[in-house]
Amino acid sequence: MELLHLRYFAAVAQELNFSTAARKLHMAASPLSRRIKDLENELGHRLFDRDTHHVRLTPAGSALLPIARGVLEQVDSIKWRLDETTRPQRTTLLLGVPTGIHPELRERLDALAERVRDRFEVTRWPGATDRLVDAVCDGRLALTLARLPVGGDPALEQLPVMSERLGAVVPRDKFPGRESVALAELADLAYAGSPAAGTHAYFRGLDQQLSDLGIKKRITLNSATFDGVSEIVSSGLAFSLSMLDPKSPMQNYRLDNVAVLPFSDFHPRLETGLLWRQDRAHGGDLEEVAATAREIFAEPLHV
């Protein structure tokens, strides 16, 4: 018995018309009728009752139909079952993301996720840089974006992905119509640090730089949020620093009486990197992801 015999039988059983079944099988009715006769002879059972007007399944034909369909379904599923078996299984990768990631950086992350989607499902996990880096070190996260520099495990590999210029966040009514500001003009205001200032090396260093350049006053907000810092700035008591690019999501925290101005004599930038463990990226499970990330971020973004 050949597999084609079962296909011919199933087609006729579905249509109960030899001519219609033959057209669907792209063959003539006569050879189809002969193939069905051959199958009946081989099985020793008549499968169809035929006359000039009707075709009906015999009891034997009715019994064979689900068997034939089951065999054909199994055969037809061989290719996709084989593909599923041989295709590497998709693995979920958790990617740490700190607050305020620039939309152009998000677009590149989307490109990374798309490039590796056959093997990995990249899921983003929010958090503060220090905690995200710790999670990569101990394996809870596969990789993370982080505000540089970071300390911690020397086994971490860092890929620079973005550099963002910072500006002064000032009370608008104290600097009306201004396009820039000098540090000396901020001396009467207190510096209100970022919510990450107490935990991140970059912001601690920035605070020291400002002190060395003559900014001595400080406002410390316990459990500060970006909204809280903006409230203090809006009230006229302080200034802070934030991303200068108008497309940065950090601009969303700006209140009505707040402006973000470039410095005329100070040029701070915030660097962001993509981090992973070297042992996972060189011969390990993240080798493909790391290689793809190096291609996508061959030229880091600058805004």
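Going residue by residue through segment 264-278, is there one that turns out to be charged (D, E, K, R) and either at pLDDT below 90 or within 24 Å of the chain's Cα centre (by Cα) (or both)?
Yes; the residues of segment 264-278 include at least one that is charged (D, E, K, R) and either at pLDDT below 90 or within 24 Å of the chain's Cα centre (by Cα) (or both).
Select, from L132, L82, L156, L112, the only residue that is among the hydrophobic types (A, V, I, L, M, F, W, C) and at pLDDT 95 or above.
L112 is the lone residue from the list that is among the hydrophobic types (A, V, I, L, M, F, W, C) and at pLDDT 95 or above.
Name every residue in segment 82-107 that is open to solvent by 60 Å² or more (accessible area, probe 1.4 Å) and closer than 18 Å to R147 by Cβ, in order of residue number.
T99, R106
Please determine whether any residue of segment 185-193 is surrounded by fewer than 16 Cβ atoms within 10 Å (Cβ to Cβ), more than 26 Å from L221 (Cα to Cα), modelled with pLDDT of 90 or more and in the same structural domain as L95 (by the TED database).
No, the conditions are met nowhere in segment 185-193.
Residues that are in the same structural domain as E185 (by the TED database), in a helix (DSSP H, G or I) and not hydrophobic (A, V, I, L, M, F, W, C): does segment 146-163 have at least one?
No, there is no match, as no residue in segment 146-163 is in the same structural domain as E185 (by the TED database), in a helix (DSSP H, G or I) and not hydrophobic (A, V, I, L, M, F, W, C).
Looking at this structure, is L270 open to solvent by less than 30 Å² (accessible area, probe 1.4 Å), within 19 Å of R124 (Cα to Cα) and touching a strand residue (DSSP E or B) at 6+ places or on another chain (Cβ under 6 Å)?
no
Among (1) crowded, with 16+ Cβ neighbours inside 10 Å; (2) free of Cβ contacts under 8 Å to residues at least 60 places away in the same chain, where does V233 come up short?
Only one criterion in (1) crowded, with 16+ Cβ neighbours inside 10 Å; (2) free of Cβ contacts under 8 Å to residues at least 60 places away in the same chain is unmet by V233, namely (2).
Working carefully through the options D212, D227, find the one that is out of contact with any Asp or Glu (no Cβ under 7 Å at 6 or more places or on another chain), surrounded by fewer than 17 Cβ atoms within 10 Å (Cβ to Cβ) and in contact (Cβ under 8 Å) with a residue 24 or more places away in the chain.
Residue meeting the stated conditions: D227.
For residues that are touching a residue at least 40 places away in the same chain (Cβ under 8 Å) and of a type in the set (A, V, I, L, M, F, W, C), scanning just segment 108-121, find the one that is surrounded by the fewest Cβ atoms within 10 Å (Cβ to Cβ).
The selected residue is A111.
Wholly within segment 1-104, which strands (runs of 3 or more DSSP E) include no fewer than the required count, namely at least 3 residues that are within 30 Å of L166 (Cβ to Cβ), within 49 Å of the chain's Cα centre (by Cα) and in the same structural domain as L275 (by the TED database)?
91-97
Working only within segment 131-164, note down all residues that are charged (D, E, K, R) and either crowded, with 16+ Cβ neighbours inside 10 Å or within 17 Å of H200 (Cα to Cα) (or both).
Once the filter is applied, which keeps residues that are charged (D, E, K, R) and either crowded, with 16+ Cβ neighbours inside 10 Å or within 17 Å of H200 (Cα to Cα) (or both), segment 131-164 yields R131, D134, R147, D153, E157, E164.
The values are calculated or read from the model by the stated rules, or taken from the named source; none is laboratory data. As the structure is a prediction and not an experimental result, all values here were calculated from the model. Heads up, the Cβs are rebuilt from the backbone with ideal geometry, glycines too, and the neighbour counts pull from every protein chain shown. Ligands, DNA and RNA are stripped out before the accessible areas are found, and what is left, the full protein with its side chains, is counted by its heavy atoms. Shrake-Rupley method; radii C 1.70, N 1.55, O 1.52, S 1.80 Å.
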